[in-house]
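Down below is the structure, laid out as structure tokens.
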Amino acid sequence: MSEKRRFAMTPFMWLCFMGGLAIFSSTMSKNPALPLFIKSLNVPERTLGFIAAASTVTGIVVSIPAGILSDSWGRRRVILLSVIVFATAPFFYLLVTQPGQLVLVRVYHGLATAILGPVALAAVADTFQKGRGERMAWYSSATMVGRFLAPSVGGLLIMGQDFRWVYLGCGVAGVLALVAATRVSDPRRESRGATSAAETATQPRRPRRTLGQAWADTRHELLLLAANRGILVTSLMDAALYFAFGAVETFLPLYMVRLGFSAREIGPVFTAQVVVTALTKPLMGRLSDRLGRKVFIVAGLLLAALVVVFLPWTRQWVLLAVLTSLFGLSVAVVTASTSALVSDLS
């Protein structure tokens with residue numbers, strides 16, 4: 001086997017590389033840049049949150065239809081569609097001069113993460129029957145690397161009130177993600193490559209669902225979820241945590257600017273938060289397996305509430321970093337348990 005062949009990138013490796021770059025680009029466009037950019041457009045703080053939430057609303061509306069479309073149209077095509085948005089959306093920020101324009105750009109940019117998130121994981125799940133959990137973990141880790149690098153790099157690229165460099169950086173990362181996506185020809189070939197011809201011939205080929213079938217299945221599943229009180233309550237607790245998460249992500253940068261900190265000092269605070277979440281989430285999931293889900297959910301929500309209460313009274317950078325790290329810990333505690341609890345209840 002030649003050296004070139006031995007170290008060739010597989011389709012799955014390209015998928016992970018693409019996911020890391022895409023999430024890096026998306027996260028850097030909003031944290032800590034977005035609230036500071038919105039403020040530079042002279043938007044009142046009481047309406048700033050509505051602009052910041054534009055992409056999130058898009059995600060709520062688009063995620064399920066994106067998954068349904070990928071069932072009938074194919075994962076790779078839908079992934080390519082999302083990465084095209086990742087590659088083009090950052091350059092539209094350079095043209096923004098008014099708040100209304102920024103809302104439109106954020107709605108368009110929100111399509112990318114709304115589509116990629118569920119479809120990429122579905123592609124991994126569909127492709128690998130053996131080692132599926134490990135492959136999904138590797139993909140999640142790749143995106144996490146992009147997520148925790150983005151705030152610090154983004155902070156370094158913000159020059160006072162000049163946000164051009166940070167969005168150019170987002171654009172470069174998005175274009176590289178698109179290049180990587182074109183190399184994801186068909187991840188199923190990688191899985192089939194390790195399967196013998198006899199095994200391949202005996203494996204049933206799962207037909208793709210039509211759009212009509214997919215919509216009917218989704219309606220049925222939503223009705224089942226609506227009738228399950230435990231899942232609904234757990235989802236509401238998850239939503240409460242992310243409500244606080246969105247508030248911290250949007251308004252903490254403005255608070256730190258008011259205290260006299262620069263964007264370069266703000267970015268690492270959010271990097272610390274993401275790193276703590278990534279490092280502690282597996283442990284929190286293991287502990288919730290042993291000690292029970294509900295106690296961890298309640299404890300995580302209480303910790304998040306305490307952090308949010310103390311943040312406005314804190315003025316030292318070190319203490320702000322500690323508090324945001326504790327908030328990252330609360331995210332790990334709650335989300336590791338809520339995801340597992342929903343799985344248990346299902």
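The values are calculated or read from the model by the stated rules, or taken from the named source; none is laboratory data. Everything numeric here is computed off the predicted structure, so don't read it as measured data. Don't worry about glycine lacking a Cβ; one is built from the backbone with ideal geometry, like all the others, and counts go over all protein chains shown. Areas reflect the complete protein model, heavy atoms only, side chains present, ligands, DNA and RNA absent. Shrake-Rupley method; radii C 1.70, N 1.55, O 1.52, S 1.80 Å.
A few points about this structure:
- What segment 19-149 shows is 43 Å² of accessible area per residue, with the surface traced by a 1.4 Å probe over protein heavy atoms.
- Screening the chain for DSSP H helices whose Cα atoms reach 15 Å or more along their own axis and whose mean Kyte hydropathy is at least 1.6 gives 293-310, 317-345.
- Over the chain: helical MRE at 222 nm, DSSP H runs n ≥ 4 each giving -39500 (n - 2.57), nearest 500: -28000 deg cm²/dmol
- Label selected from [x] 21; [y] 33; [z] 15, the criterion being percent of Cα pairs over 37 Å apart as computed here: [x]
- Pairs of lysines in the chain (C-alpha under 30 Å apart; 8 or more residues apart or interchain): 5
- Its Cα centre serving as origin, the chain has a Cβ charge dipole (Lys and Arg +1, Asp and Glu -1) of approximately 620 debye.
- Seen from Tyr167, the other residues with C-beta closer than 15 Å to its C-beta sum to a net charge of +2, counting Lys and Arg as +1 and Asp and Glu as -1.
- Radius 9 Å from Cβ of Ala125, net charge of other residues (Lys, Arg +1; Asp, Glu -1): +1
- Inter-site label distance for Asn42 and Met9 at 7 Å from Cα along Cβ, in nm: 4.6 nm
- Stokes-Einstein translational diffusion, segment 3-79 - Kirkwood Rh over all Cα pairs, 0.692 mPa s, 37 °C, in µm²/s: 210 µm²/s
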